[in-house]
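Undergrad: Could you have a look at this structure, given as structure tokens, before my questions?
The values are calculated or read from the model by the stated rules, or taken from the named source; none is laboratory data. Treat the numbers as computed from the prediction; the structure is a model and nothing was measured. No Cβ is skipped: glycine too gets one built from the backbone with ideal geometry, and neighbour counts run over all protein chains shown.
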């Protein structure tokens, strides 16, 4: 598999150089993510938080970017997606 070196152009979140282990808060399962995967994961989780805390301020662009982020994550690391986000 080709190593990921960039994120999509639409991604405007923080890009981490180093990865970390992330724990699914519901199952307790853990998965080690690369820096780029962690960047996208944090974007997804941050988006979910905004959607829950301020649902009336969510724009169509934010929703589109959220769905693109989920698709990106599912495509680039399906196992981590199933462990952390499904």
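Listed here are the residues, each with its yes/no results for (1) surrounded by 14 or more Cβ atoms within 10 Å (Cβ to Cβ); (2) touching a residue at least 24 places away in the same chain (Cβ under 8 Å); (3) within 13 Å of the chain's Cα centre (by Cα).
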| position | (1), (2), (3) |
| --- | --- |
| 7 | yes, yes, yes |
| 13 | yes, yes, yes |
| 18 | no, no, no |
| 22 | yes, yes, yes |
| 26 | no, no, no |
| 33 | yes, yes, yes |
| 36 | yes, yes, yes |
| 41 | yes, yes, yes |
| 48 | no, no, yes |
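Undergrad: Sticking with this one: In the stretch 57-68, is there at least one residue being within 20 Å of residue 17 (Cα to Cα), touching a helix residue (DSSP H, G or I) at 6+ places or on another chain (Cβ under 7 Å), at pLDDT 95 or above and part of a helix (DSSP H, G or I)?
TA: No, the conditions are met nowhere in the stretch 57-68.
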